[in-house]
1. What helices does the chain hold that run 18 Å or longer along their axis, going by alpha-carbon atoms, with a Kyte-Doolittle average of -0.5 or more, using DSSP H for the helix calls?
2. Please report, as a whole percent, how much of the solvent-accessible surface of the chain comes from carbon and sulfur atoms (probe radius 1.4 Å).
3. With a 1.4 Å probe and every protein chain left in place, work out the accessible area per residue of segment 34-161 in Å², rounded to a whole number.
4. How big is D for segment 75-181, in µm² s⁻¹ as a whole number, if Stokes-Einstein is applied with the Kirkwood radius of its Cα pairs at 25 °C and 0.890 mPa s?
5. So how far, in whole Å, is the C-alpha centre of segment 130-160 from the one of segment 36-91?
6. Take the Cα coordinates of segment 148-217, assign each an equal point scatterer, and use the Debye formula without solvent to give log10 I(q)/I(0) at q = 0.19, 0.27 Å⁻¹.
7. Given H placed on each backbone N at 1.01 Å, which residues far from Asp21 in sequence or on other chains put an amide H within less than 5 Å of it?
8. Find which of Leu84, Ser207, Phe102 sits farthest along the positive direction of the dipole of the chain, computed with +1 on the beta-carbon of Lys and Arg, -1 on that of Asp and Glu, about the Cα centre.
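The values are calculated or read from the model by the stated rules, or taken from the named source; none is laboratory data. Since we're looking at a predicted model, the values are computed, not measured. Please note: Cβ atoms are built from the backbone with ideal geometry, for glycine as well, and neighbour counts cover all protein chains shown. Ligands, DNA and RNA are stripped out before the accessible areas are found, and what is left, the full protein with its side chains, is counted by its heavy atoms. Shrake-Rupley method; radii C 1.70, N 1.55, O 1.52, S 1.80 Å.
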Amino acid sequence: MMALSMDDKRSVPRHIAIIMDGNGRWAKNKGLPRTAGHKAGGETFRRIANYCRDIGVKYLTVYAFSTENWKRSEEEVGGIMLLLERYLTEALRDMEKNGVCFRFFGDLSRLRPKLRKLCEDAEARSSQYHDVQVNFCLNYGGRDEIIRAARAFAADVAAGKRSADSLTEADFDNYLDSAGVPDPELVIRPSGEMRTSNFLPWQSAYSEFVFMNVLWPDFMPEHLDEAIEEYHRRERRFGGA
Ligand code: FPP
């Protein structure tokens, strides 16, 4: 695996989105409970978020919990929520040092009150930081996001604020959870699965997808370099003509 060349470091994608997949299999391979896989996945997230900030990525969007993930055992769901609570408590404490701005995509109304409050506080208190913006997708599903946006637009029409036929693609963007965030140039899915699983379907319409054969807890900065190199190879091939 090669490190990024200086040239590549200057032109890293502005926005990278990642499906953090493979925690369960990683734990199983080691004979550990699934929650141990998520804990290791949380450590990987910290490592990759810091690395993204260091190489100049401006937006990192991660799939932390999907609308489908509620079907998992109570123990596993509770374990993931606890990891997120611990992480956000720590992030709120170290905010100034880290320079990270947080946003949350998804329907937060279903989260337990403690986690929801941490999300709201993190979003409100970090908006002044600009080194890198981390968008956590929590109770997120792309179709659910589009339905919530359609309902919000319909409510504006019913209230007489908008006319139904005035809607453009750019306008609709503003009703999505990702309002104001540029679309990701690169979407990465580790763990060998070749699906997009309802992750950012609207925003990734023109993204490059890189699927990798490594489980998320084993994902290192070198794997991110590799994905960025693949992205550049495709850009050079398709952008040159
Ligand atoms: C998918 O792997 C991963 C999740 C459903 C949870 C992702 C959550 C984290 C990485 C922890 C969040 C905490 C922080 C601090 C970011 P999987 O369980 O579906 O893996 P499998 O396909 O191998 O079973």
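1. What comes out of the filter, once short or polar helices are dropped, is 74-93, 142-158.
2. Working: 6280 of 12450 Å².
For the chain, the apolar C and S fraction of the accessible surface comes to 50 percent.
3. Working: 6300 Å² over 128 residues.
The answer is 49 Å² per residue.
4. On the way: Rh = 15.4 Å.
So the translational diffusion coefficient is about 159 µm²/s.
5. 21 Å
6. Treating every Cα as an identical point scatterer, log10 I(q)/I(0) equals -0.81, -1.19.
7. Amide H to amide H, under 5 Å and 5 or more residues apart or across chains, Asp21 pairs with Trp216.
8. Going by the charge dipole, the pick is Leu84.
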